[in-house]
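*Asks:* Pasting in a structure now, in structure tokens, and then I'll have a few things to ask.
The values are calculated or read from the model by the stated rules, or taken from the named source; none is laboratory data. Keep in mind that what you see is a predicted model, and the values were worked out from it rather than measured. Here the Cβ positions follow ideal geometry from the backbone for every residue, glycine too, while neighbour counts run over all protein chains shown.
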Amino acid sequence: MKCLQIFLPALLLIAGLATILADSTPEHVCERKNGTSCEECLRNVTCLWCIKTKQCLTYPVQTILPPHSLCPLDDARWGLCWMNFQILIITLSVLGAVLIIAFMVCLFCCCKCENFGSGRFEAKMMRQANKNKTKQEERRAEMKQRHQEIRQKYGLNGPNPYARFS
């Protein structure tokens, strides 16, 4: 529970900042850099460089991925000139999946293992103790019966002669 109280506000803060930063960019800044190089275009994070047309375009945030009619993914550059958009998407997807899996493992281990494992362990130990107790009582009953049979065999069924000393 403590883990969720820490991570949820942080996640909401990051999402809010990303929304604010995405909406605060002026329009048509990227189109002014059409005659420049890829490096010059990508200095602004809202710009997308298309190698095929050698144009600097404003990144279409409404569609998440740039449409093929704007620029094919393997010709589009965003953030880095030496990495095409398709490889960037695959890399970020793999990193995101690894982070999510690591977060889930951390969440499970930190928050659940302490309470989950000990309760199960204690229940197992209680079952084992009850089982051992039952076996011990059965052995005691068998031993008493054997002793009784031996007493009957040798005619020692009467009162215990040593009972008066105790």
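*Asks:* Restricting the first residue to segment 31-54 and requiring it to be in the same structural domain as Asp74 (by TED's automatic domain parsing), which pairs with a second residue that is in a helix (DSSP H, G or I) and basic (Lys, Arg) meet a Cβ separation below 6 Å and a spacing of at least six or different chains?
*Replies:* Glu40/Lys33; Cys41/Lys33
*Asks:* Which one of Leu107, Leu57, Leu80 is surrounded by 12 or more Cβ atoms within 10 Å (Cβ to Cβ), part of a loop (DSSP other than H, G, I, E, B) and either at negative phi or not assigned by TED's automatic domain parsing to the domain that holds Glu39 (or both)?
*Replies:* Leu80
*Asks:* A follow-up question, please. Based on what the data block shows, is Leu70 closer than 20 Å to Glu31 by Cβ, part of a strand (DSSP E or B), modelled with pLDDT of 85 or more and assigned by TED's automatic domain parsing to the domain that holds Glu31?
*Replies:* Answer is no for this residue.
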